[in-house]
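The values are calculated or read from the model by the stated rules, or taken from the named source; none is laboratory data. This is a predicted model, so every value here is computed, not measured. Cβ atoms come from the backbone with ideal geometry, glycine included; neighbour counts cover every protein chain shown. Side chains are part of the model used for accessible areas, which takes the heavy atoms of the whole protein and leaves out ligands, DNA and RNA. Shrake-Rupley method; radii C 1.70, N 1.55, O 1.52, S 1.80 Å.
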Amino acid sequence: TSQHIGRIVVHPTNSNIVFVAAQGPLWTDGGERGLYKSVDGGKTWKAVISISPHTGVTDVVMDPTDPSIMYAAAFQRQRKAYSFVGGGPESGIYKSIDGGDTWKKVTEGLPNRDIGRIGLAVSRSQPRTVYASMETNTTEVYRSDDYGASWTKKGTYFQFPWYMGQIRVDPNNPDRL
């Protein structure tokens, strides 16, 4: 009942370990929302991030040099005939250092207000550098150079990342998006 999948990530050395970022239904609350992990190639699934009936996960990325370090983006959203909740206090960035078994919300340097959709990317050439594009009143780009422990705003642009909220880092240059 997830209806919308934001990303699927397969472990680079063990293809039985799979993560699915499940956004959940757009027009109703509930459904299977959150981040799901399988250790048997997709036969069974366990929710490793489950926030609320209104919040799913839209993105999940893995450190290219250490798959035990992962980041996930939660997005609180629901459309009604008369309104659209495109973000809220439950949206945010989560980090795991144990291969996705446990997760902690990271907040240092990130906006302390309602956030919409978030896109994530880890630099291949410098994995301590992580980027996030996030919808606030505009779209803001944040950068972390300490594996997501703290973040600095790097720019603002006026395009909303609701459906195409992906950000990518040049594989050879951590300063080029």
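Restricting the first member to region 95-110 and to residues that are without any contact (Cβ under 8 Å) to a residue 40 or more places away in the chain and of a type outside the set (Ser, Thr, Tyr), and the second to residues that are open to solvent by less than 30 Å² (accessible area, probe 1.4 Å) and assigned to a loop (DSSP other than H, G, I, E, B), the beta-carbon pairs closer than 6 Å and six or more apart or on different chains are Ile97/Ile69.
Name the single residue, out of those in region 11-31 being at pLDDT 95 or above and not hydrophobic (A, V, I, L, M, F, W, C), that is least open to solvent (accessible area, probe 1.4 Å). Before the answer, list the steps.
The initial filter retains those residues of region 11-31 that are at pLDDT 95 or above, namely 11-22.
From the residues that got through so far, the ones that are not hydrophobic (A, V, I, L, M, F, W, C) too are 11-16.
On the way: His11: 36, Pro12: 90, Thr13: 120, Asn14: 61, Ser15: 86, Asn16: 74 Å².
Taking the candidates together, the pick is His11.
Of everything in region 105-125 that is open to solvent by less than 10 Å² (accessible area, probe 1.4 Å) and in a loop (DSSP other than H, G, I, E, B), the residue that is nearest to Gly56 (Cα to Cα) is Gly116. Regarding region 48-65, can at least one residue be identified that is free of Cβ contacts under 8 Å to residues at least 24 places away in the same chain and open to solvent by 10 Å² or more (accessible area, probe 1.4 Å)? Within region 48-65, one or more residues are free of Cβ contacts under 8 Å to residues at least 24 places away in the same chain and open to solvent by 10 Å² or more (accessible area, probe 1.4 Å).
Within region 1-17, residues that are in contact (Cβ under 8 Å) with a residue 60 or more places away in the chain have Cβ atoms under 6 Å from residues that are open to solvent by 80 Å² or more (accessible area, probe 1.4 Å) in these pairs: Ile17/Val39, counting only partners at least 6 apart in sequence or on another chain.
Candidates are the residues of region 32-47 that are of a type in the set (Lys, Arg) and without any contact (Cβ under 8 Å) to a residue 60 or more places away in the chain; the one that is most open to solvent (accessible area, probe 1.4 Å) is Lys43. Among the conditions (1) in contact with a Gly (Cβ under 8 Å, 6 or more places away or on another chain); (2) open to solvent by 30 Å² or more (accessible area, probe 1.4 Å); (3) more than 29 Å from Pro25 (Cα to Cα), Trp151 misses just one, which is (2). Among residues belonging to region 2-56 that are of a type in the set (Lys, Arg) and outside any loop (DSSP other than H, G, I, E, B), point out the one that is farthest from the chain's Cα centre (by Cα). It comes out as Lys46. Taking region 93-104 as the range and being in a strand (DSSP E or B), within 20 Å of Val10 (Cβ to Cβ) and open to solvent by less than 10 Å² (accessible area, probe 1.4 Å) as the test, only Ser96 passes.
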